[in-house]
Amino acid sequence: MPESSNKKLRSTRPVAPENSALADELRSQLKGKPTKCGFNRSLTHEIASFVGDILKIAIVGVLCVVFTFGGFGAGMLLGYASTTKPLSIGDLTSAEESQTSFVYDIEGNVIAKLTGSENVDRIYVSYSAIKDTYLDDAIIAIEDERFREHSGIDIKRIGSALISAVANGGSATHGGSTITQQTVKLISGQDEHSTSRKVQEWFSAMTLEQSLSKDEILELYINLAPMGNNYVGVQAAAMNYFGKDASELTLPECALIAGLPKSPSYYNPLRESGRRNAQRRMRTILGKMFELGMITEEEYEDALNTELEFRQRSTDRTSTVNSYFTEYAISEVIGDIAESRGISRSLASSLVYNRGYHIYTTLEPATQQILDEAFVDKDLFQQDPEKIADYPEKPNGSMVVINNSTGAIAAMQGGFGEKTMNLSLNRAVSSHRNPGSSIKPLIDYGPALELGLIAPATVVWDEPKHLDPQHPDVEWPMNYGRGYNGAVTIRLALTWSLNTIATEVWTQVGGDTALWYLKQVGIDRTSEGSYPSQSLGGFTKGMTTLEMAAAYHTFATGGIYVEPYAYTQVLDSSGNMIIQSTPISYRVYSEETCFLLSDILKAVVNNNTPSDWGPGQIENVDGEVIDTCGKTGTTSDYIDKWFCGYTPYYTAAVWYGYDNRLKQTEIPQCDWENAILIWVWCMHEIHENLPGASFEKPDSIIQTSVCSSGYYPTDACRADEENKVYTDYFVSGSYLCPTDDKPCPVHHTPTPTPTPSVTPTPGGRGRNNGNPDPQNPQNPDNPV
């Protein structure tokens, strides 16, 4: 038989010649050769095998009787079966061939085509296309030799597996699952090893046998079976391992592919050791096929003598490279389909890539183009390339922009430079980095304002504090610059990013309450428990850029959190609805809290925008001002830099730093402002042609005069030339709002205005500002 032949020669089971010298010699030279061959069994072995089968069947019979007729066992079986979820298989076997799926932006432009030729990780193939190869026989031989006979479960195979486990100290030499049972696992994605799950799997397998023909079940299996290296299905395996269509596979190639699903990593053909393991299993499968009469002795021997030619891996990628946003949107669609239909992600992926779906996303092309331009602009990422020439890696970053009116993701960038491959690291959604001080509005000041514990004009003391309960004698936290400011307002404390005040406010809120508020804006870290360093952005698990953008979006909407989403709907090739995005939304903060916090965060933008960019607040082409709010973030040792902010139109978050794959790399001082530069450049471009806009002040917010002491000013306050009287915003009726019935007690007596307890350090945060002016704060330096 020619080596390249792939056609089956249907024959009766061959009788092997006794003492064949050629066969014996061939077997002696094989490593990992089959341990069980139908052509070399003695009469004693046959009798022992028969007796063993009888014993297995008897034991399984006894077990079945106990469970079936025993009241307790029967009740358990019925209970497990009644909770079995039906398999959603309506359109799983309806297509004879793969159809191209399309992905659209918000304007209806096609941004991606999902086809088998361009996405070789999973390609659907019909059973009819491979039925003339040996693939089905090879799979049946090694996985389920009675596949054509049983009704979903194979009692004999289960019993054999039990006996094998007992004989081998609890480790069975083979499994008891049929191809139908394995297909059920591949459809549902559930592979828990429990009694209830196994019974439900049996019930689902029998149900599947009643719904589909054997060929249809086998078609599902060959398209869902994992083949290693993220390849799914026999067609993807054939193309990537042998460079050919599955219909062209030879007998030994079929046997090798049939053996991969048992342990795709162990039998990985792309690794030398994995390839040897796969070829040993291939020989076992060939022996089993010969034993079962699926191939002749000549075919068996020819297959063993055939040298496999594996496809050479190429670094050239001819497939289309999808954007970070497109890949994220597709991933969300796959996950939502899997969840809604109760199927595995693998199966949902096959549907998305092969069923001709139309996926409508929220991508705004003009906004995305601005991010694309920014993330290839070296000037925004490297201020002094020579300084980092010897670094082990180059700086990177990510950015997410959310449309405030919908809560939808408008644009996304997951890395610096041109994207050269699919499914590369998307730092916007997959990299968890500690947020530094950008967390303060979310976990400290936002909750405290909402709970009525503080107001922007509340006076607090910036002085040495001991707020670490584990080390009460240690001065902690320290401000950037190691200086203190004495009496300051909450407005200045947040504008200057004072760590002492942030942790003190967090303590007032309560750690668990602070985490609850953080969870409400989409960042759940409650499993970590609360500890003081969280007030400054120190978490065990950091945040993604998408999480930070979605959380800040809550302030931009006046307190409504909207779960960010990347697609609106998915239709099939006939226009029928497959799934529709239904984002969760609910109120977290009051409009008053958001207005007060936004008013403070406008000063942060003003203080941190580079002078050559203007005053800080964004202006459109006509010079109209658009309210701009934001907060910086820096982690210890300058490992991460953040800027998160929003306007009435859009919310955006930027992370900047290094991937730290080899070691932790500190961001050099010349690049400390790059996160701000990226954010400001992109947001200026995005808002260039949008009308001027400001955040609407709720009717319950009032402006009231206040003394630097935090009380209602008296004539004595105004007469004191060293004192400062200003106006600030308050919630009407709040006990924090200064009223004339509670006048300033400081300036009714000779008591002077409080002064700083520590001499400020030049150039640091230690500014002597006992009389703060929150209407015109000047930041001593770049806040963390």
How many nm is it between the label spots at Q508 and K244, if each spot is 7 Å from the Cα in line with the beta carbon? 7.6 nm
Region 361-461: percent of C-alpha pairs farther apart than 16 Å? 72 percent
In vacuo Debye sum over C-alpha of region 417-573, base-10 log of normalised intensity I(q)/I(0) at q = 0.11, 0.12, 0.18 Å⁻¹, listed in q order, is -0.50, -0.58, -1.11
When you count, for each residue, the other Cβ atoms within 10 Å and take the mean per peptide, how do 336-348, 633-645 rank with the highest first? 633-645, 336-348
Within the accessible area of region 424-469, what % is carbon and sulfur when the probe is 1.4 Å and the other protein chains stay in place? 51 percent
Between I111 and residues 5 or more places away or on another chain, which pairs have amide H atoms under 5 Å apart, with H built 1.01 Å from N, and which residues are they? V103, Y104, D105
May I ask you to derive the FRET efficiency for E721 and T100 from their Cβ-Cβ distance with R0 = 56 Å, giving the value to the nearest 0.05? 0.15
Efficiency by 1/(1 + (r/R0)^6): what FRET value for D524 and E619, r their Cβ-Cβ distance, R0 = 41 Å, to the nearest 0.05? 0.65
Yeah, region 173-302 with a ≥ b ≥ c from its alpha-carbon gyration tensor (a/c under 1.5 is rounded, else prolate when a/b outruns b/c, oblate otherwise) is prolate
Please list, by residue number, every one of the trypsin sites (Lys or Arg not before Pro) in region 447-538 that is coil in DSSP and has at most 12 other beta-carbon atoms within 10 Å. R482
With a Förster radius of 60 Å, plug the Cβ-Cβ distance of S211 and E475 into 1/(1 + (r/R0)^6) and report the FRET value to the nearest 0.05. 0.30
Highest to lowest packing among 203-212, 675-684, scored as the average C-beta count within 10 Å: 675-684, 203-212
Convex hull projection area averaged over all views, region 496-628, Cα basis, nm²: 12.2 nm²
Paramagnetic reach from I701 (point 7 Å along Cα→Cβ, amide N under 15 Å) across region 487-524: 491
Rg [Å, one decimal], Dmax [Å, integer] - region 582-717, C-alpha atoms: 18.4, 64
Enumerate the aspartates and glutamates that K419 could reach by cross-link, defined here as Cα to Cα under 15 Å, with residues fewer than 8 away along the same chain left out. D316, E327, D372, E373, D377
Packing-based order for 384-390, 176-182, 450-456, 419-425, using average beta carbon neighbours within 10 Å, highest first: 176-182, 450-456, 419-425, 384-390
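The values are calculated or read from the model by the stated rules, or taken from the named source; none is laboratory data. Note that the coordinates shown come from a computational prediction; the quantities given were computed from them, not determined experimentally. Positions of Cβ are backbone-derived with ideal geometry, glycine not excepted, and every protein chain shown enters the neighbour counts. Note: accessible area is taken over every heavy atom of the protein model, side chains too, but ligands, DNA and RNA are not part of it. Shrake-Rupley method; radii C 1.70, N 1.55, O 1.52, S 1.80 Å.
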